[in-house]
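To start, the structure itself, in structure tokens.
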Amino acid sequence: MNKRSIYFFIFIFNYCFFYSQIKEMFLNSSWQFKQKSSQTYYNATVPGNVFNDLFSNKLIPDPFYSDNEKKVQWVENEDWEYKTYFTCDSSILKNKCIELVFDGLDTYASVFLNDSLILQANNMFRSWKIDVKSQLHVGDNTLRVFFESSVNKGKKEAKQLSYTLPEGERVFTRKAQFQYGWDFGPRFVGCGIWKPIKLIAWSGPKINSWHYLVKSISDSLASLDVVIETLSDTDGQFKYHVDQLSDHSIKNQSINYSKSIVLKKGINIDTLTLKIKKPKLWWSNGLGDPYLYQLSCKLLNSIKIISTVKMPIGIRTIELINLPDSIGTSFYYKLNNVPVFMKGANYIPSDIFLKQKTKLDLIKDVTLYKNSHFNMLRIWGGGVYGDDDFYQSCDENGILVWQDFMFACAMYPGDIKFINNVKEEIKEQVIRLRNHPCLALWCGNNEINEAWYNWGWQKQFNYTKADSTVIWNDYQKLFHSIIPKYINDFNKQTPYFNSSPFIGWGHAESLKQGDSHYWGVWWGMEPFDVYQKKVGRFMSEYGFQSLPNLSTFKTFCDSSQLNLNSLSVKAHQKHKTGFQTIQTYLDYSYKTPQNFQDYIYVSQLVQRDGMKKAIEAHRINKPRCMGTLFWQLNDCWPGSSWSAIDYFGQPKAVFYSLKKIFNTQLVSISDQQDYYKISCLSDSLKDFKVTLNLKILNFKSELIWQKSFSKELNNSHVNHTFISKNELPLFYKLYYDYIFVKNRKITKIDGSSFFIKKWYLY
């Protein structure tokens, strides 16, 4: 038996039949890889990454262990080849249309099918579809993918410019920017087939895509336009039929719509107008049910269904209100015409090697955020666009998504080749994500506008006036012209903001205009109390580091290395002064533990204390401030960082506190100079009444002071009560409990909560 016959028998594939018209064959098995200069192939995993493949074949040490990161940097300078064999039977080749689809190639890839060059890819954020009917054979077929070093390619591109762009070679490559090294993660610039590959064969018309636009909404009726794109290999008479999958929660309502059409050979665009009586709106977490209409659109001829797609639809409106006001410029969202205070975090890729999470894992993650009262996640612009399953889970759980485009902390080239590449990326991602009701914002980039004016690049790189003009014009062309145009063309119902933030945290205006990345705490070494004073209109970044859990440390160092001065621990702290900064803040409130495990715990307490103070300050300043998204939710590797959940999914102390701090109803007590400020609020659409009981006990548990009061709460404002410090006894703890009542029913009781300042020391 020859080698190809062996591959024929071991190759695992799956056919998906859609009404006997469309066949899908996944090509993710039996891959091998090698270094370009080598003759030896090794087993590879697809989807995957060259670092993982090298490690699984014991060709490199564990990249995460100790300081092994340094030992594997050679990988980024090499070229790599991946190959597989697959078989096609005659039934596939009988189809009129056959496409090979690459969902993700990282990054500079030349693809050969049976020794014919069929594709040269240059963007890991794009998918690639190639007509391969003429290259396929009945029986065995060979697929090869050659990857050129992104680092070497980027350096070549950089040499074409007469000036130097900040951040070196990474800006020339449409690749996950964080893989080039960041202050929360390592440098692993790899390559690979990072998303699935499939062969799709069909004959006759096929529904390519769909999207919907909410035209109008009232209590009695919602009007939607559903736009269907159909690819047909023939002319003919057909019919679209839209209906709703059964939902017993909706009485006396059914969606049943048909439209006869004439298809022409090629791409066909048709619009279906749907009327939905007494529509159920999609709401974010905490405000209502994120209801999805589960619709199905079928394409039929006279006798049978030819093609079908599922259409989950959320009926809602979303607006970003970014307008001048009495303070400066507002920045808040209206969902279904209701101003919403956003609570959440910045989300980065969950693995530096971009390992694909299962749908079940994604559902578990998003459900965890929902249960902690999140209603928004910001997808940070230095990572990757999320998988379809991620956005679907956000749809189902009412988690709104602030979506950055993948540009961060650098200036980017503006040549025609780069711009045309980016145009296709932007178009594809906008079209792919536009149907998700969770999508709340498209943001052009992370921190580039502020960086240009405040980070000293022009002086550092000795730009001439002409250089600066070219670089800035390239910036404006991309973020003020090209991207807004594509959003207007394909997703005009989702707001766009060109850069986050517009003004840096070192300027007073940053707290009055737009969103704010406030880094006076941590980078500026300001005390946590500053959070109560420095409150912007929408706090889209702020944070504080802590160490990961002990079990995480044990995955990359042995017991002898469990100390802050060890090589292994230092290698997993990517901020130059990270440990020193943590220690400085720790000294404010705690004694330094001598035991490493205790030190980990106290570092997490410091992080929790800071984030609690920040989040409560943001929330009690509603409506001046209308959002709080801390940096960062998760980790891309096992190290010390700003994360609330470490690389292995283990929550830190701060995450356990979020469920209370983010709760729809909140009581917050803050220490002011001469008084204590007690703030009560509710983000619910329903009105609440809160009864707050305060008491001070002596060391014998005897009551020596108490006070109670009640407040009516609604969504639009915060109730504040002030208690003079002169009114209170000295040197005792203040305890409080509170009861929230809605419709004469107790909805929440919280007791034994400690005051922020545990002791009154004058």
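All of LYS70, LYS34, LYS23 fail the test of being outside any helix (DSSP H, G or I) and at pLDDT 95 or above, apart from LYS34.
For VAL340, the stated conditions do not hold, so it cannot be described as touching a Cys at 6+ places or on another chain (Cβ under 8 Å) and assigned by TED's automatic domain parsing to the domain that holds ALA508. For region 276-301, give me each residue that is of a type in the set (D, E, K, R) and in contact with a Leu (Cβ under 7 Å, 6 or more places away or on another chain). The one that is of a type in the set (D, E, K, R) and in contact with a Leu (Cβ under 7 Å, 6 or more places away or on another chain): LYS277. Within region 222-252, the set of residues being more than 18 Å from LYS298 (Cα to Cα) and either surrounded by 14 or more Cβ atoms within 10 Å (Cβ to Cβ) or at pLDDT 95 or above (or both) comprises ALA222, SER223, ASP247, ILE250. Within region 654-682, being under 25 Å from the mean Cα position of the chain (by Cα) and buried (at least 21 other Cβ atoms within 10 Å of the Cβ) holds for VAL654, PHE655, LEU658, ILE661, PHE662, THR664.
Of all the criteria given as (1) buried (at least 19 other Cβ atoms within 10 Å of the Cβ); (2) within 22 Å of GLU428 (Cα to Cα); (3) at pLDDT below 95, the one not satisfied by LYS492 is (1).
Checking each residue in region 62-78 for being within 22 Å of LYS153 (Cα to Cα) and of a type in the set (A, V, I, L, M, F, W, C) picks out VAL72, TRP74, VAL75. Among the residues of region 245-252, are any touching a residue at least 40 places away in the same chain (Cβ under 8 Å) and either out of contact with any Gly (no Cβ under 8 Å at 6 or more places or on another chain) or of a type outside the set (A, V, I, L, M, F, W, C) (or both)? Yes, region 245-252 has at least one match.
Within region 158-209, being part of a strand (DSSP E or B) and within 22 Å of the chain's Cα centre (by Cα) holds for ARG174, TYR180, GLY181, TRP182, GLY185, PRO186, ARG187, GLY192, ILE193. Among the conditions (1) loosely packed, with under 14 Cβ neighbours inside 10 Å; (2) under 22 Å from GLN403 (Cβ atoms); (3) not small (Gly, Ala, Ser), PRO501 misses just one, which is (1). Within region 355-377, the only residue that satisfies the criterion of being in contact with a strand residue (DSSP E or B) (Cβ under 7 Å, 6 or more places away or on another chain) and surrounded by fewer than 21 Cβ atoms within 10 Å (Cβ to Cβ) is HIS373. Taking the listed residues ASP687, ASP671, the one that is in contact with a helix residue (DSSP H, G or I) (Cβ under 9 Å, 6 or more places away or on another chain) and either among the polar types (S, T, N, Q) or farther than 23 Å from VAL366 by Cα (or both) is ASP671, with no other qualifying. Of all residues being of a type outside the set (D, E, K, R) and buried (at least 21 other Cβ atoms within 10 Å of the Cβ) in region 450-476, which is nearest to ILE321 (Cα to Cα)? Just the residue, please. Applying the filter and picking the extreme gives TYR475. Within region 312-329, being within 21 Å of GLU509 (Cβ to Cβ) and either outside any loop (DSSP other than H, G, I, E, B) or assigned by TED's automatic domain parsing to the domain that holds LYS215 (or both) holds for LEU320, ILE321, PRO324, THR329.
Condition check ((1) surrounded by 11 or more Cβ atoms within 10 Å (Cβ to Cβ); (2) at pLDDT 85 or above; (3) within 33 Å of the chain's Cα centre (by Cα)) across all residues:
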{"position": "THR691", "(1), (2), (3)": "yes, yes, no"}
{"position": "GLU702", "(1), (2), (3)": "no, no, no"}
{"position": "LYS707", "(1), (2), (3)": "yes, yes, no"}
{"position": "SER710", "(1), (2), (3)": "yes, yes, no"}
{"position": "SER724", "(1), (2), (3)": "no, yes, no"}
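Every test in (1) free of Cβ contacts under 8 Å to residues at least 60 places away in the same chain; (2) in contact with a helix residue (DSSP H, G or I) (Cβ under 7 Å, 6 or more places away or on another chain); (3) farther than 15 Å from LEU633 by Cα is passed by ASP361 save one, and that test is (2).
The values are calculated or read from the model by the stated rules, or taken from the named source; none is laboratory data. These numbers were taken from a predicted model, which means no experiment stands behind them. Cβ coordinates were reconstructed from backbone atoms using ideal geometry, including for glycine residues, and neighbour counts include every protein chain displayed.
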